[in-house]
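Notes for the one structure printed next.
The values are calculated or read from the model by the stated rules, or taken from the named source; none is laboratory data. Fair warning: this is a prediction, and the values are worked out from it, not measured in the lab. Positions of Cβ are generated from backbone atoms using ideal geometry, with glycine treated the same way; all protein chains shown enter the neighbour counts.
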Amino acid sequence: MTENANELELKKASGETVGINHWADVFYGVLVAPGQTMRVLSDASQYKPTDTAVLFSLATVLTSSWIASFGASGGDAGVAAQVGISICTLFGVLWWVGFSLLLFALSRLCRSPKHNLASAFIATGWAFVPVYFINPAKCLLSVPVLGSVVLIGLVVWMCALQWFAFMSMLDFNQKRMFVLGFGLPVIYKLTLLIGLLFLLGIVF
């Protein structure tokens, strides 16, 4: 890996490298090396949390939420459908903000060396990548079992990305993450539950 924060390179299985300095590069990193990519995104010393980087994360949340909610509307162009799409997109952004603030607060409480607020927004925002694939996955619902398995897999994938984001920024191992999950205050668990219900809502 290079010293320059925005020239960090991820090693691929083939031995090639891909630089993380553009939206498409990070998108690719989330697809092929999610754990390593989340470690990079959550660390301000490796991936500089610039305004552009935060905007990339916001763009991911906005576009993925809008595309998924538009698909859930069945392509309806009516006023009610447009209002629903806007509400779902806004809810996606609010969920992102809530997750980011939760992660930042936990990083401070746990005295993690990675407690940059912008990095929290970046890491949690990129965990929305699976939402892009919800509409294509719905096309498989006509195939018994397969469609449901794929959609559930997308939900699990998104939860896993958030798990990686939290684990990386808090500098926790798997065991400590499980302990944290059981020990979170009720308000934090409600935040996670509301977010999961939102995701399930636009999936099904």
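Given the residues Ser64, Ser69, Ser119, which is the only one that is at pLDDT 85 or above and closer than 30 Å to Leu141 by Cα?
Numbers: Ser69 fails: at pLDDT 85 or above; Ser119 fails: closer than 30 Å to Leu141 by Cα.
Selected residue: Ser64, the only one of Ser64, Ser69, Ser119 that is at pLDDT 85 or above and closer than 30 Å to Leu141 by Cα.
So Ala33 clears everything in (1) within 12 Å of Ala123 (Cβ to Cβ); (2) touching a strand residue (DSSP E or B) at 6+ places or on another chain (Cβ under 6 Å) except one condition, right? Which one?
(1)
For region 139-148, what are the residues that are at pLDDT 80 or above, surrounded by fewer than 12 Cβ atoms within 10 Å (Cβ to Cβ) and in a helix (DSSP H, G or I)?
Cys139, the sole residue that qualifies.
Identify, please: which residue in region 98-116 is under 16 Å from the mean Cα position of the chain (by Cα) and in contact (Cβ under 8 Å) with a residue 24 or more places away in the chain and is, among those, surrounded by the most Cβ atoms within 10 Å (Cβ to Cβ)?
Here the residue is Leu103.
Pull up region 1-42, narrow it to residues that are at pLDDT below 50 and β-branched (Val, Ile, Thr), then point me to the one that is surrounded by the most Cβ atoms within 10 Å (Cβ to Cβ). If you could, list the steps in order and put the result at the bottom.
Quick first cut of region 1-42, residues at pLDDT below 50 only: 1-20.
Narrowing the set further to residues that are β-branched (Val, Ile, Thr) leaves 2, 17-18, 20.
On the way: Thr2: 11, Thr17: 12, Val18: 18, Ile20: 21.
Applying the filter and picking the extreme gives Ile20.
Scan region 116-169 residue by residue and report those that are touching a Gly at 6+ places or on another chain (Cβ under 6 Å) and closer than 15 Å to Ser64 by Cα.
Start the filter on region 116-169 by keeping residues that are touching a Gly at 6+ places or on another chain (Cβ under 6 Å), which leaves 135, 140-141, 164.
Within region 116-169, Asn135 is the sole residue that qualifies.
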